[in-house]
Structures are given as structure tokens and as C-alpha cells.
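In what follows, a single structure is set out as C-alpha cells and then discussed.
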Amino acid sequence: MRADQVRKIFDGHAVLRGISLDVARGELISIIGPSGCGKSTFLRCLNFLEIPDSGTVDIAGVTITRTGGRWTRQEEDAAHRLRAHVGMVFQSFNLFPHRTVLDNVMLAPVRVKRMPADEARAEALALLDKVGLSAMATRYPDTLSGGQQQRAAIARALAMRPDVMLYDEPTSALDPELAEEVLSVMRTLDNEGMTQLVVTHDMRFARAASDRVVFMDGGEIVEADDPDRLFVAPEDPRTRRFLRSVL
Ligand code: ADP
Ligand code: MG
């Protein structure tokens, strides 16, 4: 996937000032940076939950280029196709509360992809097994721990067979040991070749698990590098200042 010169303006204020990022298939990229620098907006622009004012996003062969005009019906159709390739996971798990865990995972493939229920159920059970939730299939979300709910949310996103997974602070609401269960699922997906972008405050994870770390500040990418380079010898003073404040 690729983002090229993505810009987003909110109320006359440039929140994204031309973000360009090429992501190779199978890469795990951590996005770090101070609160308010545009990390969430960037992720949301990648699947057009926010409409960029200008710039190009290309995911799994669906390319959308914005040049500042009104959002058209054709662009919405393209965004719909693009979103089919993207799974998104939020800080707040966002499961359907009145559905079992299994139903949460099965629902979109059945409703959106018209997958036969038997097939969707078998796939959902396999995904729940992958994220360590086989025993929780018939439970309701509010009876699960936060870490379990987040893993169910990941299984639900995976059920649509995305090419890219986007995570916005997936472990920020979790105690460290529960966060670890979630991070471990992301490592497993990485080993299986999934392409993943993770906005995170977990510097240990960013350093240990990422192929590349992107540091954002003030609506731009300040530097993007191999974690051992970026954490050990950051080039930009803004990166150094940020890392000093969080490490
Ligand atoms: P981060 O995720 O890095 O903390 P965000 O992308 O959430 O940053 O926000 C970047 C900036 O954009 C902030 O100044 C925020 O207040 C502003 N912003 C985000 N969403 C909106 C919105 N829907 N309307 C207006 N301003 C917004
Ligand atoms: Mg955010």
C-alpha cells in the first residue's frame, strides 16, 4: 500500500501536511508521535473514514487520488472497494454488545460478502482459535476481559480477509499483561505475512516488533526508519526530544 502527499485540513488548520509512506507487503510499521500530531487522522484517511483534501492512497490495487474537489459518488464507490481490503481496530474494542463473540466475527462475512453461514462459522472458529479465544465463542463481549475483547475485534477484522490491518492504539486501554496478549497476536500475524500499521504508545513493542518506525509531529512524517536506527540514533531533533520524553 502507498500514501502519497496526503493532506487533511480541519477548520482551516492543516492536520496532515502531505504524508507519503510506501508500505511493503508483510511490513509491520509502528507510528509514534505526540498527542494531536495527526496519527489517527492519517490512519482514518487511509481507509477514507476521513476524506483527505488532496493526495493519493493506493491499497491492494485500488487507487484514489484527491485533488481538493467535492467527494463524488465515484470516489465513494472506490472507497467502498478499498475498504474491503482494510481491517481496522480501535482503542475501544467496538464489538456488538448484543451478539456473541462468534456472531461478532461471522456477521460481516455473511452480511457483506454473502458467505454461507456454515462456511463463515467454520472460518470464525478458526480465527478465534488463532487469537486464543476458542473457549469464548458463545460468550457476550461484556463478559470478556479487555484483552480478550480486543483479540475478538482483531478476529472480526480478519474475517473479511483484509490485505492490510490498521490499529489505532490497540493496547492503550489495557493493563500490560492484557496488552501483551494483543501484541502477541499482532506478532503472529506479522509472521504470517500480514501488512500492519499500528499507532502505538508502546515503545518497547515499536522497537522490538516493527520492521519500520514512523515518527510523526505537527502533521508530517519527521523520520521513518529501522527501529534500531530510529531509537538509538534519531536524526531529527524533534524525534530526539520526543523519545527523551517517553523513554
Ligand atoms: P493523534 O491521533 O496523533 O493524537 P489526531 O489525528 O486525533 O491526532 O488529531 C490531529 C489534530 O486534528 C488535532 O489537533 C485534533 O484536534 C484535530 N482533529 C482531529 N479530528 C478532527 C475533527 N473531526 N474535526 C476537527 N479537528 C479534528
Ligand atoms: Mg489518536
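The values are calculated or read from the model by the stated rules, or taken from the named source; none is laboratory data. Values in this document were obtained by computation on a predicted structure and should not be read as measured data. Using ideal geometry, Cβ is built from the backbone for each residue, glycine included, and neighbour counts are taken over all protein chains shown. Only protein heavy atoms, including side chains, enter the accessible area calculation; ligands, DNA and RNA are left aside. Shrake-Rupley method; radii C 1.70, N 1.55, O 1.52, S 1.80 Å.
When the solvent-accessible area of the chain is split by element, carbon and sulfur atoms take up 48 percent of it, the probe being 1.4 Å. Rounded to the nearest 20, the Cβ-based charge dipole of segment 1-115 about its Cα centre (Lys and Arg +1, Asp and Glu -1) stands at 260 debye. Size descriptors for segment 136-199: radius of gyration and Dmax over Cα atoms are 11.7, 32 Å. Normalised by 2.2 N^0.38 Å, where N is the number of residues, the C-alpha radius of gyration of segment 1-88 stands at 1.04.
Provide, as a two-decimal number, the C-alpha radius of gyration of the chain over 2.2 N^0.38 Å, N being how many residues it has. Don't jump to the answer; show the numbers that get you there.
Numbers: Rg = 18.2 Å, N = 247, 2.2 N^0.38 = 17.9 Å.
Against the empirical 2.2 N^0.38 Å value, I get 1.02 for the chain.
What accessible area per residue, rounded to a whole number of Å², is obtained for the chain using a probe radius of 1.4 Å? Spell out each step's value before the answer.
Working: 11570 Å² over 247 residues.
That works out to 47 Å² per residue.
Our estimate of slack between ALA173 and THR63, defined as 0.36 nm per intervening residue step minus the Cα-Cα distance, is 36.2 nm. In a reduced charge model with +1 at each Lys and Arg Cβ and -1 at each Asp and Glu Cβ, the chain shows a dipole moment near 500 debye about its Cα centre. Per-residue Karplus couplings for segment 30-35, computed as 6.51 cos²θ - 1.76 cosθ + 1.60 with θ equal to phi - 60°, are listed in order as 9, 10, 10, x, x, 4 Hz, Gly and Pro entered as x. Counting only alpha carbon atoms, the long axis of helix 146-158 and the longest principal axis of the chain meet at about 90°. For segment 61-105, trypsin sites (Lys or Arg not before Pro) are listed when DSSP marks them as loop and at most 13 other Cβ atoms sit within 10 Å of their Cβ; the list is ARG70. Looking at the chain, the DSSP beta bridges with both ends there are about 55 percent antiparallel.
Couplings 3J(HN,Hα) for segment 183-196, derived from phi with the Karplus relation 6.51 cos²θ - 1.76 cosθ + 1.60 (θ = phi - 60°), are 4, 5, 4, 5, 5, 4, 4, 4, 5, 8, x, 5, 8, 9 Hz, where x marks Gly and Pro. Dividing the summed helix terms, -39500 (n - 2.57) for each DSSP H run of n ≥ 4, by the number of residues in the chain produces a 222 nm estimate of -11500 deg cm²/dmol to the nearest 500. Relative to the longest principal axis of the Cα atoms of the chain, the long axis of helix 117-130 lies at roughly 60 degrees. Axis angle, to the nearest 10 degrees, between helix 237-246 and the longest C-alpha principal axis of the chain: 40 degrees.
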